[in-house]
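What follows is a short report on a single structure.
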There are 4 protein chains.
Amino acid sequence: MIRVGIFGITGYAGYELARWLERHPAAQVAWAVSESSAGKRLAAVVPGPLDMPLLAAGQADWGAVDVVFTALPHGVAASTARTARAAGVRVVDLSADLRLHTAAAYAQWYGADHPAPELLPTPYGLPELNRAALVDASAIANPGCYPTSVLLGLAPLLKAGIAQLSAPIIVNSASGISGAGRGLKQNLHFVEASENFSAYNIGRTHRHVGEMEQELAALAGAPATVIFAPHLLPVQRGILSTMYVQVQPDLNLATIRDLYAAQYAGEPFVRVLPDGTPAALSYVVHTNRCAIGLTLAQPGLLIVTSAIDNLIKGAAGQAIQNINVMFGLAETLGLR
Amino acid sequence: MIRVGIFGITGYAGYELARWLERHPAAQVAWAVSESSAGKRLAAVVPGPLDMPLLAAGQADWGAVDVVFTALPHGVAASTARTARAAGVRVVDLSADLRLHTAAAYAQWYGADHPAPELLPTPYGLPELNRAALVDASAIANPGCYPTSVLLGLAPLLKAGIAQLSAPIIVNSASGISGAGRGLKQNLHFVEASENFSAYNIGRTHRHVGEMEQELAALAGAPATVIFAPHLLPVQRGILSTMYVQVQPDLNLATIRDLYAAQYAGEPFVRVLPDGTPAALSYVVHTNRCAIGLTLAQPGLLIVTSAIDNLIKGAAGQAIQNINVMFGLAETLGLR
Amino acid sequence: MIRVGIFGITGYAGYELARWLERHPAAQVAWAVSESSAGKRLAAVVPGPLDMPLLAAGQADWGAVDVVFTALPHGVAASTARTARAAGVRVVDLSADLRLHTAAAYAQWYGADHPAPELLPTPYGLPELNRAALVDASAIANPGCYPTSVLLGLAPLLKAGIAQLSAPIIVNSASGISGAGRGLKQNLHFVEASENFSAYNIGRTHRHVGEMEQELAALAGAPATVIFAPHLLPVQRGILSTMYVQVQPDLNLATIRDLYAAQYAGEPFVRVLPDGTPAALSYVVHTNRCAIGLTLAQPGLLIVTSAIDNLIKGAAGQAIQNINVMFGLAETLGLR
Amino acid sequence: MIRVGIFGITGYAGYELARWLERHPAAQVAWAVSESSAGKRLAAVVPGPLDMPLLAAGQADWGAVDVVFTALPHGVAASTARTARAAGVRVVDLSADLRLHTAAAYAQWYGADHPAPELLPTPYGLPELNRAALVDASAIANPGCYPTSVLLGLAPLLKAGIAQLSAPIIVNSASGISGAGRGLKQNLHFVEASENFSAYNIGRTHRHVGEMEQELAALAGAPATVIFAPHLLPVQRGILSTMYVQVQPDLNLATIRDLYAAQYAGEPFVRVLPDGTPAALSYVVHTNRCAIGLTLAQPGLLIVTSAIDNLIKGAAGQAIQNINVMFGLAETLGLR
C-alpha cells in the first residue's frame, strides 16, 4: 500500500485527489495539509462527502508517507517539494513550479526566481507522451490543465513532422470555473460567472504558453509558436481546446487519423473520436480520459478538438496515473 | 422629469434600478453613489452595459434630485435617509431599516439600536396592498424580496379571514443567488453554488420573518406565525415561495380563487394563474410581476405558490413602482 | 463475480448503473438492453465514456446473468421481471412496479392493472430500514428517489413514535432534472429549465405519495398522511427534501438528534449533520450517501432536511447496494 | 404608430420581438401567427409574461399591419414574405431566406431552390454597415446571429484594407442554446446541455459561412475565406466570437483601435472596449449592443473578440432597429 500525503487538500485539485484515492486499491491518504485551515476538519471547510483532520505544513510526518502531492500555489510548491526530497519522500507536484525545465524559463513566464532550481529539470508527467522517464522517478511535474489538452491533441502531428511550424498554432480553449481555483474573485461569483462567457489573458500572455511551447518543441524537434486564447466557461469542470494547425496541403483526413490511432493504440485514457464528431466535455467529465476530434477544414488546415476534465486528467487523475507509473503499478489502478 | 439619486449603484439592486430608469420616460438618474468605488466609472466596476461616474456619499448634490433610492446595507441606509429628509429630498429605502414600524421590533430582529427612529413608522411600499399610504409620501420602505412574494401570495386569505391563524403558516422559499448580494462568499463561488441547493436560516431565524409577521398581522387584524425555510437556488434571479396554509375545511378552490381574482382585479403586476398551474420563475423573471398559483391539497390545507423576480418586483421594480405612486404618475410607467 | 444484465441502459439510471459497475470488484455487466436503440453501440447513443453493444429485449441471454436491473418505464418493468424470475434470474427493479405491496394500491396510484401481481409483495429495497428482508431475496423493489430522501429523513421519528401523525407531514422537495428522465419535453429544454424553478403535481397527486405513505405507515405502525410538493430544480442531479413534522411539544433537539444518531450508527451511507447545518446537495452528489439536517423551528415543529443524489442513492447506487445485500457482499463494495 | 404582425411568435426570436415591442413607443403588435399553435393563447404555449391569441397564417389580416416580421424556418419565410409584399406590406425577414443575394448562393448553402427568387437581392439589415440601403426599404434581410457578431467585429479591418485576405480568417464562436431554437433535440435537454461544451459543424460547413463571406467580400472589395468553428455554450443567450486575423505586420494596436473608434463613432449599439479588455457576454446580454475587444497577439496577428445577445442584436433587437430605420424613426426607439 502506497502511503500518500496531500498538501493543499482544500483546493479543488487537492480535494479531487482525496476523492479518487478513496477508491484506489493500492494507495491511501496518510495525512493532509491545509495551511489556511490547519486544526479544522475537512468536512467543516469543504461541504462535501470527505472528512479528515487538517494539518499545518509543519506537522507533516515524513516518515508516514512514500509520496506527497503538492497541490499548492506556484512558488510554495517547489519549497515543499525540496523538503520532501530531503526527507527521501517522492513528489508529484501539481503546481507549475517543476514544469519548465530551466530557471530561466521559469523567470520568463512566472516573473520570479525559481524557488528550488536544483530540482530542475524534473520529468514532465504526461504518461502517454513521456512514460519511460516517469518509471521510478523521485519527482514528477504534473502538467498544466490546458497543456494536457493541447499536447495530447497535437502530439501525433508534431511527432510525425506534418504540422507546418512556420505558422503559429492557434489554440482556442474554454475551461470550467474550477480551473480558476477556489479563491474568491468577483468574476467567479455565481451571478457574474453563470450566463457569461469571456476570454482572458489572450495572445501570448497566459503562463501555460511557455509550458506548451517547451513540450511541443520537444515533440517536434523544432520550435513551435502558440497563440492562446483561454475562455472562462460557466460549467464546474472540463476543458475543450479547439486548435487550428497548418499541415501539409496534400494530407487527407484518413492519413491523419491513422497517425492518431497509431499513437494512441493501447492507451486506456485517450479516445480518438469517429470522423465528424468533434470533442465535447460530456465525453470526459468525471473521468481521466481525453477525447480528440479531427476535422480537415480545407486542404492544409486541420482543426483538432481535445477535451479533458481539468480536475482529473488535467490535475488529480493524471497525478494518480503518475504515481501508478512511478511505483510500477497498473496505470489504470483506481482511475476507472 | 423626476430627478433621481441612487445610493449603492454597484450592488445588484442598485444596478437594476439604473437599468430600468434608463427606460423610464419621466424619471432620470442625476447621480449615483458608490462609497466603495467612488472616483471610478461604473463600467469599470460592473461589467455591463451602463456607465456613469461614481460619487462618494459626501459628494451627493441634494439640490439636483427629487428623490433618492437607498440600496445600502441596513444600518447605513437609515442614516442616509435621515440626511435626505433633512435636505427635503424624498426617499425610497431598499434596505430593511424602515420596514419594521418600531425601534423595538428593529432591535429584536436586527440586534441593534435603530439608526434613525424618528423616521418610524414609514409607509410600507407594497402598492397592491397599501397604495393609499404611499401617495405623496416623503419616505417609503421598500419591502423585502421574500416578504413581497409571501404577502402578495397570502393577502387575500388573511384579509378575508379564512386562514386559520392558530396554526403557523409554513413558507418554503427558494431565491436566486443575486438575493445574497454581490459580496464575495465561499458558498456563492460558481463552483460551489452551481449544481447545488441548500437551506439556510430555517425556522424562525431569518430576519424577514419579523417583516412578514408584522404585515400579515396588519392584513388579518390578528397575530400570525410564520415558519420560514429559505433556500439558495442556482439561478441568477427569482424567488418562488411555496406556502402551506390551514384554511376553513369547507372551502373549495373556486371560492378561494374568486377571492384572489377580486383582490387583484385591475392590478397590472399580479397574475393569478389558472387552476392546476403552480407558479414558476419563468412567468416573472425580468418583469415586475408576481404570479400566484393555488392548490387545495386536501380539505382545509391550501398550497399557495408565488413567484417574483427578486431584483425587480422584490427590489428595483417595486421601488420604481413606488416613486410612480409617490409622485402621482401612472403606476406602470417605465415598468413594461 | 456476479454477472449482471441491465435493461434500459440508455436512460439516466441505467447509464449510471453501468458507470458504477465499471468500478465494482465483484460484479460486471454481461449485457445491456435498450429496446429503442437495439443494434447500435452505447457510445453512439449516449455521448459519454462508456461503450458496449445494445441488445433488444428478445436477445437477452438469461443464462449469462445472475441478476438483472430493470431500469424501465413502469408497466414494462414488471413484465420483464416476471420473465427474469421464470428464467431463475434475480431482479432489482428500478421502476415503480414492485414498490407498492398490493395490486389495489398500484391501481389507485398508477391507474392501471398491475402487470405481474404474482410478484407482490416484493421486499422494499431500502437497506438502512429493511436490510433483513433483502438478504438472499430473489427480487427487490428499488425505492423511488423522492421516497428514499423522505424515508431516511423521517424514519427515526416514526419508529420512535414521536411524530404526531394526526397532522399531515409536509414534504417540500426539489429534484435535479435527471429525475424527469431523458425523454424530450419542452420544459426540460435547456433554455426553459435553466434559470427556472417550478412546482408540479403538488398536493397529493404525485405517485410517490402512495409509496411514501405505505412505508411511513409500516415504520410508525399507524397511518401517516403526506402533503407533497415536488419542484423541478435546474441542476443535473440531487434531491433535497425539506420536511415539516409535528412532534411532541416537549421534545428538545438534543433528544431528537440522539434518536437519529442511534438509528444510523454504523450506516456507511447516512450522515446526520451537526446542529445548525441543514442538508445541501453538495454533501451528497456523486455519492451514494444521504445527509440529514435537523432544526426545531419552534416547540413541537421539527424541520428535517434530507439530501441524496437522485441517480445514485435514489436509483443506481441503491440498486448496487441492494445486490450487495442480496448476494451477501460487503454493502459498500463498489460504492466508494 | 407602426402596426406590426409577427409570424412565428412562439419561437425564441418571435417571442423576444413581442417582448421588446411591448415597450416600443411607436410600434405595436396587431396580431401574431403561430402555425403550430393556432387557436391557442400565447400564455398557454410559452410560460412567460406575454399573452395574446395565436392565429393561423391564413388568418393574417394584411390590411391591419404596416410591416411583418417573419421569424420562420428558412424556406417558409420567403413564401410568407412574397405574400406580404403582394399585399403591399413591408417585411423584415429573420430567417436566412433573403440574406444571400442570389438564388445560386442559396442553392449552394441551403441545398434547395430559392422559394422566392424575385425578392433577391434584398438589402442586408445590418444598420451600422448598410444603413443607407435600409431607409424606406420594402423588405430587409435580418442578418444571422453569428454573422452579426463577426461582421461588426471585422468590418473596420476589411473596409480599411488592412486584413491580409490571402490567409483565412479563423472564427471561433460560442452561442447560447437559444440559438439552436425551441425545438426538442436530445443535445438540448438540460441534463445533456448543462455542464457541457461542444463544437459542431466546424470547418466550412455551417450555413452562416456563406453569409459571412458574402458580406466580408462586399466590405473588402475582394474575396475573403472564413474558417468557422461554432460551439454550443450552456447559457440561455449570447454569442462570443473570437477571431484570428492576419494583418499587416507593422501595424500597432493603437492604429487599429483608432480605425474601430472612427468606424463606430456615434453608433449607439457598438462599444469598442478599452485595451486589454476582451469582450464578454455580460457586457451585452439583454441589450441590443455589440462589444468588441482588440488584442494584438504578435506582430501581424490580431485577435478580435465580439459579443452580442443572439436573440437581440442577433435577431429581434436588430429587426426592430431595422424597422426604425425603414420607417425613419430614431434608431434607438424602443431599444433602450
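The values are calculated or read from the model by the stated rules, or taken from the named source; none is laboratory data. Bear in mind the structure is a predicted one, so any value in this text is a computation, not a measurement. Don't worry about glycine lacking a Cβ; one is built from the backbone with ideal geometry, like all the others, and counts go over all protein chains shown. These area figures cover heavy atoms from the full protein model, side chains too; ligands, DNA and RNA do not enter into them. Shrake-Rupley method; radii C 1.70, N 1.55, O 1.52, S 1.80 Å.
Quick notes on this structure:
- Counted charge near residue B:110, where neighbours are those whose Cβ lies closer than 11 Å (Asp, Glu -1; Lys, Arg +1): -1
- Taking a ≥ b ≥ c as the square roots of the eigenvalues of the alpha-carbon gyration tensor, region D:120-223 is classed oblate because a/c is 1.5 or more while a/b is no larger than b/c.
- From the alpha carbon centroid of region C:256-321 to that of region D:176-255 is 46 Å.
- Estimated from helices alone, the mean residue ellipticity of chain A at 222 nm is -8000 deg cm²/dmol (sum of -39500 (n - 2.57) over DSSP H runs with n ≥ 4, per residue).
- Close amide H contacts of residue A:248 (hydrogens built in the peptide plane, cut-off under 5 Å, sequence separation of 5 or more or a different chain): A:164.
- Under Karplus coefficients 6.51, -1.76 and 1.60, residue-wise ³J(HN,Hα) of region B:160-172 in Hz, glycine/proline x: 7, x, 9, 7, 8, 7, 5, 9, x, 8, 9, 10, 9
- Accessible surface buried upon B-C contact (total; probe 1.4 Å; Å², nearest 100): 2900
- Under 14 Å, Cβ to Cβ, from residue C:222 - net charge with Lys/Arg +1 and Asp/Glu -1: -1
- Sequence-distant residues sharing a close amide H with residue B:224 (under 5 Å, placed H): B:217
- Vicinal HN-Hα couplings computed from phi for region D:272-285 (Karplus, 6.51 cos²θ - 1.76 cosθ + 1.60; Hz; Gly/Pro x): 8, 6, x, 3, x, 10, x, 5, 9, 4, 4, 6, 10, 5
- Against the main long axis of the alpha-carbon atoms of chain D, helix D:12-21 sits at an angle near 80°.
- Inter-probe distance in nm under a simple model that places probes 7 Å from Cα toward Cβ, at residue B:79 and residue B:217: 3.0
- Length added when fully stretched, residue D:103-residue D:332, from 0.36 nm per residue minus Cα-Cα: 79.1 nm
- For residue A:113, inter-copy separations between label points set 7 Å beyond Cα along the Cβ vector come to 5.7, 8.0, 8.8 nm, shortest first.
- Within a Gaussian network of chain A (alpha carbon springs, distance under 10 Å), most fluctuating of A:282, A:241, A:34: A:282
- Number of partner chain Cβ atoms within 10 Å, mean per residue of A:167-180: 4
- With the simple spin-label model, which puts each label point 7 Å out from Cα in the Cβ direction, the residue B:187 to residue A:61 separation comes to 3.5 nm.
- Shielding score for D:271-279, defined as the mean number of other chain Cβ atoms within 10 Å: 3
- The 3J(HN,Hα) values that the Karplus relation (6.51, -1.76, 1.60; θ = phi - 60°) gives for region C:244-258 are, in residue order, 10, 10, 7, 10, 4, x, 8, 6, 9, 5, 4, 4, 5, 4, 4 Hz. Gly and Pro appear as x.
- Across the copies of the chain, residue C:131 has label points (7 Å from Cα along Cα→Cβ) spaced 4.3, 6.4, 7.7 nm apart, shortest distance listed first.
- Judged by the ratio a/c of the largest to the smallest principal axis of the C-alpha gyration tensor, chain B counts as prolate, that ratio being 1.5 or greater while a/b is larger than b/c.
- Taking amide H as placed 1.01 Å from N in the peptide plane, residue B:173 has its amide H under 5 Å from the amide H of B:229, B:231, B:242, each at least 5 places away in sequence or on another chain.
- Projected label distance in nm at residue D:265 and residue D:35, using a 7 Å step from Cα toward the beta-carbon: 4.8
- Residue-normalised accessible area of the protein assembly as shown, expressed per residue, 1.4 Å probe, Å²: 31
- Choice from D:310, D:288, D:196 showing the highest fluctuation, given a GNM over chain D with Cα pairs closer than 10 Å: D:196
- A Gaussian network model of chain B, with springs between Cα atoms under 10 Å, assigns the largest mean-square fluctuation among B:14, B:88, B:276 to B:276.
- Rounded to the nearest 5, the antiparallel percentage of DSSP beta bridges internal to chain A is 45%.
- Summed side-chain charge close to residue D:289 - residues other than residue D:289 whose Cβ falls under 10 Å, Lys, Arg +1, Asp, Glu -1: 0
- Shape call, the protein assembly as shown: gyration tensor on alpha carbons, a/c limit 1.5: rounded
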